[in-house]
Structures are given as structure tokens and as C-alpha cells.
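Every read-out reported here was derived from the displayed coordinates using simple, explicitly stated rules and does not represent laboratory data. Computed from a predicted model, the values in this text were never measured in an experiment. FYI the Cβ positions are ideal-geometry reconstructions off the backbone, even for glycines, and counts take in every protein chain you see.
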Amino acid sequence: MTAPHDPEILLALRDVHRTHGEGPTAVHALRGVDLTLRAGELVAVMGPSGSGKSTLLNLAGGLDAPTSGDVVVEGVALGSYSRSALAQVRRRRLGYVFQDLNLIPTLTAAENVALPLELDGTRARDAREDALRSLDDVGMRDAADRFPDDMSGGQQQRVAIARALVGPRRVLLADEPTGALDSETGEEVLAVLRRRIDAGAGGLLVTHEPRHAAWADRVVFLRDGLVVDSGDADAPSVGLGEVASA
Ligand SMILES: Nc1ncnc2c1ncn2[C@@H]1O[C@H](COP(=O)(O)OP(=O)(O)OP(=O)(O)O)[C@@H](O)[C@H]1O
Ligand SMILES: [Mg+2]
């Protein structure tokens, strides 16, 4: 018997392991991670290089599959989907923002944001309307018809956030989204991200910066593929100095 799904839980990782390779050279990138993401929640994922942060995000986004354990998106384990159904879940429910190269340079901002909807069969006019709404949410409505090369890095990341949360998508997975920005612009982008999440989405934010983690409700700290601490961003039991020097 399965427990009824709580609609507030957008994403859950249950005892997730991910091993690359086999035998003596196997790399245990994740060694039993549990994590729950609720609507309205931004969770920062921190930890030293190689601790498994990107692996965790890739699994959460269905870009990679766990060796064992479950990744559950809005109540359904990704492992139970066929290949084509998984591709559809990725388009409809999950949005990714990376450090850079998020946007397609030959498409305008609105076309970039509308793309996942169009790929999913939404009529072009409806997709554009949704895209404009999403751009409006991140303060980029006026840039709808501009190309990525004519925008600053911070503006491009705001468009990438608009695309990640266009239409019905509620799960935002961001891997160092401010890594290529100066710190002031990075803060502005995180403020936008925070506002979008407050409006009912949920997000995992991989970051090296303690001041960026301060935008989160909780910080999950990884070391060697294990969660070594999971606390409140306002009162972390891992001191931020320790995080910064990790
Ligand atoms: N495709 C792969 N094949 C083999 N090993 C891998 C692969 N992907 C990741 N790893 C290994 O898994 C471990 C975790 O990597 P991961 O990229 O998740 O770390 P990270 O915390 O994101 O690091 P960084 O802060 O440098 O981005 C590392 O030891 C890495 O070398
Ligand atoms: Mg990484």
C-alpha cells in the first residue's frame, strides 16, 4: 500500500544512491540521500567540490537515474515512467538553470521561454502568452523580443528562471545559477528566484556562497555523497565559516 501523496511535496529523494562504474574504481557519488522539497520552499545544497551536488540535481531532474532508491516528483517515482513519459515529465514539471549557456542564442527571450511549452504541443500563441506572463514574473517582460546576446548575464539568468518555471512547472533545479555573475547581480537574480518560489514553486539551489544560501529556507550540506547536515538557513548547525572554507 502506498501512502496518499501530499500535494505540497513537490520532490522527494528516498535513500538515493548513485555509483559510477564498478569494482575497485567505482565512484560512490551519492550514498543514501533523503530529501524533501515542499511548495514555497527553497533548499540550498552546499558542500565541497565532488561531494555530489550536481549528481543530486541531475537525479532530481531525471537527467540521470539512481543506482538504487527513488526520486519522486509530485507523487510519482521517476523510475516508473517509460523513456518518453519521463521526457514529458521533464518538460512539464521540472525546470533547470545552470551557471551559463542556458538560452538558445538564435531565439528571442520569449521564444526561449515558450520553447518547452511548444515542444510539448502547446499552440504557439498560447505558448507565447504563457511565456510573456512568466517573463513578467521575473521583471523581463520588456525584453521579450530581445536576443540573449543583447542582454546582461543577470538578465539572461532571469529569462532562464522564467523558462524553468513557465506554464505548469513548479520544480526549479538550479546548479550555481549565479556562478558567472558579479555578486550584486547574483543577489538580484536570487531575489527574483526567491519571489517565484514564494509564489508556489519549489527549488533546489546548488551554491558555494554562504550569502546566497541565506536566501534559502534550509541548507543541505553534502560531504562524500552523504547529507552531513540539514538545517535552517537562519540557524545552521554547520557554521557558515566552516561552509565557506569547505
Ligand atoms: N559521469 C561520471 N562518471 C564518473 N564519475 C562521476 C561522473 N559524474 C560525477 N562523478 C563523480 O561523482 C562525484 C560527485 O560529482 P559531482 O559532480 O556531483 O560533484 P559536485 O558536488 O557537483 O562538485 P562541484 O562543486 O565541483 O561541481 C565526484 O567524485 C565525481 O568525480
Ligand atoms: Mg557540480
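What to note about this one:
- Filter pass, residue 86 being more than 18 Å from residue 8 (Cα to Cα) and in contact with a Pro (Cβ under 6 Å, 6 or more places away or on another chain): no
- When 13, 37 are checked against the criterion of being assigned to a strand (DSSP E or B), touching a Leu at 6+ places or on another chain (Cβ under 6 Å), without any contact (Cβ under 8 Å) to a residue 60 or more places away in the chain and not small (Gly, Ala, Ser), 13 stands alone in meeting it.
- The single residue among 26, 12 that is among the hydrophobic types (A, V, I, L, M, F, W, C), within 15 Å of ligand 1 (Cβ to nearest atom) and touching a strand residue (DSSP E or B) at 6+ places or on another chain (Cβ under 6 Å) turns out to be 26.
- Of residues in region 40-49 being touching a residue at least 40 places away in the same chain (Cβ under 8 Å) and within 13 Å of ligand 2 (Cβ to nearest atom), the one surrounded by the most Cβ atoms within 10 Å (Cβ to Cβ): 45
- Selection count, region 187-216, where residues are within 16 Å of ligand 1 (Cβ to nearest atom) and under 19 Å from residue 61 (Cβ atoms): 4
- Number of the condition not met by residue 91 [criteria: (1) touching a Lys or Arg at 6+ places or on another chain (Cβ under 6 Å); (2) more than 23 Å from residue 18 (Cα to Cα)]: (1)
- So residue 65, is it more than 16 Å from ligand 2 (Cβ to nearest atom) and assigned to a loop (DSSP other than H, G, I, E, B): yes
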